[in-house]
C-alpha cells in the first residue's frame, strides 16, 4: 500500500470522540439539563408542601380566633349570669313577701299576720343564705373588739380590762371563712383609758365619748 492510500484510509477512520458517541460539551449540556429538571421537580414539591402548610396555618389561625371569641363570650356570660342561682332564690323570697302582704290585706290589714309572715320570710332567707351559699352572721355583743371583725362607730367608758363590744348596731357576716362585712358596733373602753389615734374611742363621734 502506498503512503497516499494509507493517509486517505486514516482520514476515513472514526475518531476517538466519535467512538464515544458524543463530545464533552454535549455531555455537560445533558448533565445540566438533567440537574435543572431535578431542581424543578424539587421546587414543585416544595411549593406544594408550602401551599399545604399555609393552608394548615390558616385553618389553625381560624380555629384559634373562634376559640378566643368563644372564651371571651363564655367569660362575659359567666360574669353576667354568675349570680343567677342566687337571684332565682331571691325571687322566691319576693314571692313570699307578696303572699304575706296579700294575706294581711285579706285579713283587713292584720298587723299580727303581716308581722308573723315577715318573721317567717326572714328566717327562711337567713337559712337559705347560710345553708346554700355559706353566708353566716357572727355575734359581736360582749366580744373583745377586733378591728378585723368590727367597725367602731361609737364608744363609751366601761369596766372591762380591754376594749369590748357593748352594743351591735349592724350585724357582721362571713362568706365561708372571709369577712364580707364588718359589724358596726359601740365599744366599751377600759376605765380611765385615753383614746389614741386609730383606737375605737378616737374614731367615735364626739357626742358618744
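Only the coordinates and a few stated rules stand behind these numbers; no lab work does. Computed from a predicted structure; not experimentally measured. Cβ sites come from the backbone with ideal geometry, for glycine too, and all protein chains shown count toward neighbours.
Some values worked out for this structure:
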| item | result |
| --- | --- |
| Efficiency of FRET from Cβ geometry, residue 28 and residue 52, R₀ 35 Å, rounded to 0.05 | 0.45 |
| Descending Cα extents along the principal axes, segment 25-163, whole Å | 119, 55, 22 |
| Cα gyration tensor category, rounded, prolate or oblate, for segment 84-133 with a/c compared to 1.5 | oblate |
| Cβ-based exposure ranking for 161, 151, in which fewest neighbours within 10 Å come first | 161, 151 |
| FRET E, pair residue 105, residue 177, Förster distance 35 Å, beta-carbon r, rounded to 0.05 | 0.20 |
| Relative packing of peptides 129-135, 166-172, 67-73 - highest average C-beta neighbours within 10 Å first | 166-172, 129-135, 67-73 |
| Residues listed by number, segment 39-66, amide nitrogen under 15 Å from residue 75 label point at 7 Å toward C-beta | 65-66 |
